[in-house]
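The values are calculated or read from the model by the stated rules, or taken from the named source; none is laboratory data. Values in this document were obtained by computation on a predicted structure and should not be read as measured data. Every residue, glycine among them, receives a Cβ derived from its backbone with ideal geometry; neighbour counts consider all protein chains shown.
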Amino acid sequence: MAIYAIGDVQGCYTELCRLLEKINFDPAADTLWFCGDLVNRGPDSLQTLRFVKSLGSSALTVLGNHDLHLLALYHGVAKIRITPDLHKILKSSDCAELLSWLQEQPLLHYDKKHKTVVVHAGIHPAWGLSKARKLAREVETALRGENAARFFRKMYGNKPLQWSEDLTGARRLRFITNVFTRMRYFDQLQNLDFTVNRSPRRYLRTGLTPWFQMPAKLRDDLRVLFGHWSTLPVGVYGRCFALDGGCVWGGHLVALRVDFGTEDWFFVDSHTSKPINTAEK
């Protein structure tokens, strides 16, 4: 049985099908781990959701910021942008079924056997594994509960920028959500920085540090698989593996086999012609 981690699909269903053909994916024997952002900006988020859901236990996905954005729209947060791709999902006959399934997906997946953690954006350097799992469950409980609509209304925003155990309520949940789904850089004061999103090579002299280069409490024997950062070159950064190849921006869709002793990478080129830009992705 093979396990493949896949970077941000963002509605690029055709490329996903080509990638699964390339790896000879067998849903009866293999498992897919998606790094979040199944939807938005691509040509077919609806079909992507339907397909991944149809795989049942042969696939899992962690939640990304675009997935949460879709859920916020579904829960009535009206003062946020809706793309045609997401509008199609919200108007579909199986919308409630699909989004109920999506809402049950985790922010963090941990596989003990393979000593691997899957998240969308990353893990705060001040959190060990047990702490990160606990904090992920706090948010998952909130977004699945009776007050889910309130959670989504309070979810948006950059502040607070620094972790503290004293954080409570919406501010605590927002910070945790931002770490797992939006984090890229820290500044010199160890604050999250959301002002830039390009490759670290652009910011070598700015005092910004990628989250995966910060001194971390996470055990050294754990691998971290993440997506989210399409302008960061796909590859290995210490024990962290960047899988977002920017497919929706004209790059490629990426799969990484993680059950071998060594990692095997697979790529398919995008059919989209969207240029990468500096907007928040």
If we keep only residues of the range 245-259 that are in a strand (DSSP E or B) and among the aliphatic types (A, V, I, L, M), then the residue farthest from Asp8 (Cα to Cα) is Leu256
**Q.** Gly145 vs. criteria under 14 Å from Val179 (Cα atoms) and surrounded by fewer than 18 Cβ atoms within 10 Å (Cβ to Cβ)
**A.** no
Q) Does Arg150 meet the test of being over 25 Å from Val118 (Cβ atoms), touching a Pro at 6+ places or on another chain (Cβ under 9 Å) and not hydroxyl-bearing (Ser, Thr, Tyr)? A) no
Inset, instruction - Evaluate the range 211-225: report whether one residue or more is in a loop (DSSP other than H, G, I, E, B) and either farther than 25 Å from His114 by Cβ or of a type in the set (S, T, N, Q) (or both). - result: no
Criterion first (out of contact with any Asp or Glu (no Cβ under 8 Å at 6 or more places or on another chain), assigned to a loop (DSSP other than H, G, I, E, B), farther than 25 Å from Tyr156 by Cα and not polar (S, T, N, Q)) does Lys79 satisfy it?
no
Expected single match for surrounded by fewer than 20 Cβ atoms within 10 Å (Cβ to Cβ), modelled with pLDDT of 95 or more, within 26 Å of Gln103 (Cα to Cα) and more than 21 Å from the chain's Cα centre (by Cα) among Leu161, Leu167 is Leu167
* Asked: Out of curiosity, is Arg223 closer than 15 Å to Gly122 by Cβ, at pLDDT 95 or above and either out of contact with any strand residue (DSSP E or B) (no Cβ under 6 Å at 6 or more places or on another chain) or among the hydroxyl-bearing types (Ser, Thr, Tyr) (or both)?
  -> no
Checked Asp26, Asp8, Asp37 against criteria (of a type in the set (D, E, K, R), surrounded by fewer than 19 Cβ atoms within 10 Å (Cβ to Cβ) and assigned to a loop (DSSP other than H, G, I, E, B)); the one match is Asp26
Note: among Ala96, Ala132, Ala121, just one is assigned to a helix (DSSP H, G or I), small (Gly, Ala, Ser) and crowded, with 22+ Cβ neighbours inside 10 Å, namely Ala132
